[in-house]
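**Q** Let me give you the structure first, and then I'll get to my questions.
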Amino acid sequence: DNGCPISNIIPKWNDLVFKGQWRDALNRLLMTNNFPEFTGRVCPAPCEGACVLGIIESPVGIKSIECAIIDYAWEQGWMVPRPPQQRTGKTVAVIGSGPAGLASADQLNRAGHSVTVYERAKEPGGLLMYGIPNMKLDKDVVRRRVKLMEEAGITFKTGIEIGVDINREELEKMYDAIILCTGSQNARDLPLEGRMGYGIHFAMDYLTEQTQFLNGEIDEVTITAKDKNVIIIGAGDTGADCVATALRENCKSVVQFNK
């Protein structure tokens with residue numbers, strides 16, 4: 001668990017799965033992870049790099065086990081809404097419904113506060129919904145979790161941009177606290193010669209539009225890799241998502257650069 005950014009108690013639930021104690025494994029997993037069905041699919045799994053078994057052979061497939069626990073829990077009907085037994089009377093607005101916004105809302109709701117999540121897009125999920133392609137994270141997995149959160153008492157208001165549709169002063173009158181979880185939409189640009197040439201786009205613009213198109217939110221895309229020779233700069237998760245999306249669009253070729 002030293003290799004886990006959210007301090008999952010990995011050896012414990014690995015052992016419980018080994019013993020066939022799936023319900024106990026789920027409880028142990030949910031102690032530290034709000035959304036295992038997300039991390040079990042999209043986390044880069046630094047835990048597996050830290051696994052001591054990796055010294056002599058392949059490490060334990062921790063990410064796959066995590067995903068198996070939560071998927072089995074959904075199949076068994078164990079994932080039911082758990083609203084707090086008592087409400088504090090305090091109200092909180094969470095701005096943004098990406099991973100940070102959803103986790104904040106979940107924790108605050110468990111503590112008994114009344115939480116309203118504001119999202120400017122059509123659907124909640126932020127990066128989970130619009131940044132990560134469907135082939136890596138099916139959007140029904142996100143919708144299923146949001147529905148569960150609603151049933152536990154969290155309110156989601158979509159299509160509302162804070163600062164445009166509602167200003168800060170209005171929010172401060174309506175809520176006892178405001179949490180900003182607006183994500184990382186500002187890309188890191190490269191001031192290179194020819195940067196402003198035609199056909200050069202930021203990854204998030206491309207990936208977001210693709211998801212909007214597949215969700216039926218827009219009728220056609222303005223950025224497409226179909227029948228084009230594609231160059232992708234950057235080899236992290238987002239770069240890999242762009243490669244996979246371009247291939248699924250039937251690009252002519254794709255080349256990926258990394259420093």
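**Q** Taking Cα pairs under 8 Å and at least six residues apart, what relative contact order does the stretch 55-150 come out at, in percent?
**A** Details: 88 pairs, mean separation 22.9, N = 96.
Worked out over the stretch 55-150, it gives 24 percent.
**Q** Rounded to the nearest whole Å², what accessible area per residue is found for the chain with the 1.4 Å probe? Walk me through the numbers on the way to the answer.
**A** Details: 15080 Å² over 259 residues.
Per residue, the chain has an accessible area of 58 Å².
**Q** How large is the dipole of the stretch 16-152 about the Cα centre if only Lys and Arg carry +1 and Asp and Glu carry -1, each at its Cβ, rounded to the nearest 20 debye? Don't jump to the answer; show the numbers that get you there.
**A** Numbers: 17 positive and 14 negative charges, 83 e Å.
Once rounded to the nearest 20, the dipole reads 400 debye.
**Q** With a 1.4 Å probe and all protein chains left in place, how much of the accessible area of the chain comes from carbon and sulfur atoms, in whole percent?
**A** On the way: 7840 of 15080 Å².
About 52 percent, which is the carbon plus sulfur part of the accessible surface.
**Q** Continuing with this model, one more query. Could you size up the charge dipole of the chain around its Cα centre, putting +1 on the beta carbon of Lys and Arg and -1 on that of Asp and Glu, and report it in debye to the nearest 20? Write out the running numbers ahead of the final one.
**A** Numbers: 28 positive and 33 negative charges, 91 e Å.
Approximately 440 debye in magnitude.
**Q** Looking at the chain as a GNM with Cα springs under 10 Å, which of ASN134, ASN14, ASN27 has the largest mean-square fluctuation?
**A** With Cα springs under 10 Å in the chain, the top fluctuation among ASN134, ASN14, ASN27 is at ASN27.
**Q** Viscosity 1.567 mPa s, temperature 4 °C: Stokes-Einstein D of the stretch 81-197 from its Kirkwood Cα radius, in µm² per second?
**A** Details: Rh = 15.4 Å.
It comes out at roughly 84 µm²/s.
**Q** Taking all pairs of different Cα atoms in the stretch 176-259, averaging 1/r and flipping that mean, what Kirkwood radius in angstroms comes out? Each step should come with its number before you reach the end.
**A** Details: mean 1/r = 0.0696 Å⁻¹.
About 14.4 Å for the stretch 176-259.
**Q** To continue, here is another question. Loop only by DSSP, 14 or fewer other Cβ within 10 Å of the Cβ. Give me the chymotrypsin sites (Phe, Trp or Tyr not before Pro) in the stretch 170-259 that pass, ordered by residue number. Don't skip to the answer; put the middle values down first.
**A** Values: sites: TYR175, TYR198, PHE202, TYR206, PHE213, PHE257; in loops: TYR175, TYR198, PHE202.
Those satisfying the criteria are TYR198.
**Q** Here is a follow-up. May I ask you to list the trypsin sites (Lys or Arg not before Pro) in the stretch 134-185 that are in a DSSP loop and have at most 14 other Cβ atoms within 10 Å of their Cβ?
**A** Numbers: sites: LYS136, LYS139, ARG143, ARG144, ARG145, LYS147, LYS157, ARG168, LYS173; in loops: LYS136.
Those that pass, being in a loop and sparsely packed, are LYS136.
**Q** While we're here: Relative contact order, percent, of the chain when contacts are C-alpha pairs under 8 Å separated by at least 6 residues? Display every interim value, and only then the final one.
**A** Values: 376 pairs, mean separation 37.5, N = 259.
14 percent.
**Q** Rounded to the nearest 500 deg cm²/dmol, what is the calculated helix-only ellipticity per residue at 222 nm for the chain, with -39500 (n - 2.57) per DSSP H run of length n ≥ 4?
**A** Details: 10 runs with 100 residues, N = 259.
Rounded to the nearest 500, it is -11500 deg cm²/dmol.
**Q** Moving to a separate point now. Which of the GluC sites (Glu not before Pro) across the stretch 165-259 are loop residues per DSSP, with 11 or fewer other Cβ within 10 Å? Could the numbers behind the result be given before it?
**A** Working: sites: GLU169, GLU170, GLU172, GLU193, GLU209, GLU217, GLU220, GLU249; in loops: GLU193, GLU217, GLU220, GLU249.
The qualifying sites are GLU193, GLU220.
**Q** Kindly flag which residue pairs out of LYS19/LYS63; LYS12/LYS63; LYS63/LYS136; LYS63/LYS147; LYS136/LYS226; LYS12/LYS139 have an alpha-carbon separation exceeding 22 Å in this structure. Mind dumping the intermediate values first?
**A** Details: LYS19/LYS63 18 Å; LYS12/LYS63 14 Å; LYS63/LYS136 13 Å; LYS63/LYS147 24 Å; LYS136/LYS226 20 Å; LYS12/LYS139 30 Å.
Correct reply: LYS63/LYS147; LYS12/LYS139.
**Q** While we're looking at this one, here's another question. Can you tell me the relative contact order of the stretch 101-193? Whole percent, Cα pairs under 8 Å, sequence separation 6 or more. Show your work: numbers first, answer last.
**A** Values: 74 pairs, mean separation 32.6, N = 93.
Computed value for the stretch 101-193: 35 percent relative contact order.
The values are calculated or read from the model by the stated rules, or taken from the named source; none is laboratory data. Predicted, not measured: the structure shown is a model, and the values here were computed from it. A quick note on method: Cβ atoms are made from the backbone with ideal geometry, for glycine too, and the neighbour counts reach across all protein chains shown. For accessibility, only protein heavy atoms count, side chains too; no ligands or nucleic acids. Shrake-Rupley method; radii C 1.70, N 1.55, O 1.52, S 1.80 Å.
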